[in-house]
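Asks: Sharing a structure here in structure tokens format.
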Amino acid sequence: MTEPKVKRTVAFIDGQNLFHAGREAFGHRTPNYDPAKLATAIASQQTGWQLVQIRFYTGIPDAGDNPKWHRFWSAKLLAMSRAGIVTYSRPLRYRNKQFRLPDGSTHAILVGEEKGIDVRLALDITRLAHKNAYDVALVFSQDQDLSEAADDVRITAKEQGRWIKIASAFPTSPTTKNRRGINSTDWIKIDRATYDTCLDPRQYRDSCLVSR
């Protein structure tokens, strides 16, 4: 399989996974990254990668559960769509999560969970590989559930007799606990300097938000 000189690259961004990784690595309290700037920066650091599409996936809270974050994500997704980014969102589902305290007692808090985002992301990665829509899948996530999609992409490469790469990009720093990318992918570690040059100056909110 001959590696193409110009590699058509599609960026797949797991919005919540990227946010939590950036918060842990660099202390950013809101999803203040600019998906287009970040995808462009990472692709431009690689030899021959030509970014042809950006796809963004996230769960968003219901307006009745968390109106401020609902407005934030609704506005940010709208801005991304207008900029040509393909977006996919689903409502967050809430459940009580039990935590055991040092004194042995338990405490329950309400947490939001994404349902179906990782499935849709994996399906799109494999679907677009089958359609010969890219040579490189640049996945901004550390979700190991996507490792099966990476295996499927390699099978597609063999079936189609062509070169395909799948890479996992994620923020990392000395404070990062999870320093692993998605299994069966190339790992691209995003440092603070790169991340901070790709921040979005727009706030998408009408009051100060503190992340949950």
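The values are calculated or read from the model by the stated rules, or taken from the named source; none is laboratory data. Fair warning: this is a prediction, and the values are worked out from it, not measured in the lab. Here Cβ is always computed from backbone atoms with ideal geometry, including for glycine, and neighbour counts include all displayed protein chains. Ligands, DNA and RNA are stripped out before the accessible areas are found, and what is left, the full protein with its side chains, is counted by its heavy atoms. Shrake-Rupley method; radii C 1.70, N 1.55, O 1.52, S 1.80 Å.
Asks: Which of the residues spanning segment 16-50 are closer than 19 Å to Thr185 by Cα, outside any loop (DSSP other than H, G, I, E, B) and without any contact (Cβ under 8 Å) to a residue 60 or more places away in the chain?
Replies: Ser44, Gln50
Asks: Also, I was wondering about something else. When you go through Pro4, Pro31, Pro61 one by one, which is the residue that is open to solvent by less than 30 Å² (accessible area, probe 1.4 Å), touching a Gly at 6+ places or on another chain (Cβ under 9 Å) and more than 21 Å from Gln142 (Cα to Cα)? Outline the logic, then answer.
Replies: Working: Pro4 fails: open to solvent by less than 30 Å² (accessible area, probe 1.4 Å); Pro31 fails: more than 21 Å from Gln142 (Cα to Cα).
Of the residues listed, the single one that is open to solvent by less than 30 Å² (accessible area, probe 1.4 Å), touching a Gly at 6+ places or on another chain (Cβ under 9 Å) and more than 21 Å from Gln142 (Cα to Cα) is Pro61.
Asks: A further question on this structure: Just for helices (runs of 4 or more DSSP H) wholly inside segment 109-204: which have at least 1 residues that are within 20 Å of Tyr57 (Cβ to Cβ) and open to solvent by 30 Å² or more (accessible area, probe 1.4 Å)? Spell out the reasoning first.
Replies: On the way: elements: 117-130, 147-160, 192-196.
Ranges flagged: 117-130, 147-160.
Asks: Considering only residues that are among the hydroxyl-bearing types (Ser, Thr, Tyr), closer than 13 Å to Asp200 by Cα and in contact with a helix residue (DSSP H, G or I) (Cβ under 7 Å, 6 or more places away or on another chain), which ones fall in segment 1-42? Don't jump to the end; show me each part of the working.
Replies: First, the residues of segment 1-42 that are among the hydroxyl-bearing types (Ser, Thr, Tyr): 2, 9, 30, 33, 40.
Those still in the list that are closer than 13 Å to Asp200 by Cα too: 30, 33.
Result: Tyr33, single match.
Asks: Taking Thr194, is it β-branched (Val, Ile, Thr) and at pLDDT 95 or above? Walk me through how you get there before you give the answer.
Replies: Values: β-branched (Val, Ile, Thr): yes; at pLDDT 95 or above: yes.
The answer is yes for Thr194.
Asks: Name the residues in segment 7-20 that are within 13 Å of the chain's Cα centre (by Cα) and surrounded by fewer than 23 Cβ atoms within 10 Å (Cβ to Cβ), would you? Lay out the reasoning, then the answer.
Replies: Within segment 7-20, the subset within 13 Å of the chain's Cα centre (by Cα) is 10-20.
The answer is Gln16, Asn17, Phe19, His20.
Asks: Another one. I'm trying to understand the selection: among the residues of segment 73-91, which are hydrophobic (A, V, I, L, M, F, W, C) and under 13 Å from Gly15 (Cα atoms)? Reasoning before the result, please.
Replies: Looking only at segment 73-91, we keep the residues that are hydrophobic (A, V, I, L, M, F, W, C), and these are 73, 75, 77-80, 83, 85-86.
Hits for segment 73-91 are Trp73, Leu77, Met80, Ile85, Val86.
Asks: Could you tell me which residue of segment 70-104 is modelled with the highest pLDDT, considering only residues that are out of contact with any strand residue (DSSP E or B) (no Cβ under 8 Å at 6 or more places or on another chain), open to solvent by 50 Å² or more (accessible area, probe 1.4 Å) and farther than 21 Å from Val52 by Cα?
Replies: Going residue by residue through segment 70-104, those that are out of contact with any strand residue (DSSP E or B) (no Cβ under 8 Å at 6 or more places or on another chain) are 71-72, 75-76, 78-79, 82-83, 102-104.
Right, trim to open to solvent by 50 Å² or more (accessible area, probe 1.4 Å) and you get 71, 78, 82-83, 102-103.
Subsequent filtering for residues that are farther than 21 Å from Val52 by Cα retains 71, 102-103.
Values: Arg71: 93, Pro102: 70, Asp103: 69.
Ranking the qualifying residues of segment 70-104, first place goes to Arg71.
Asks: Pairs, please: C-beta under 7 Å, at least 6 apart or cross-chain, first residue over 17 Å from Gly181 (Cα atoms) and in segment 151-166, second open to solvent by 60 Å² or more (accessible area, probe 1.4 Å) and not charged (D, E, K, R)?
Replies: Sorted first by the residue in segment 151-166, then by its partner, the pairs are Thr156/His130; Ala157/Met1; Gln160/Asn132; Gly161/Met1; Arg162/Met1; Trp163/Met1; Trp163/Thr2.
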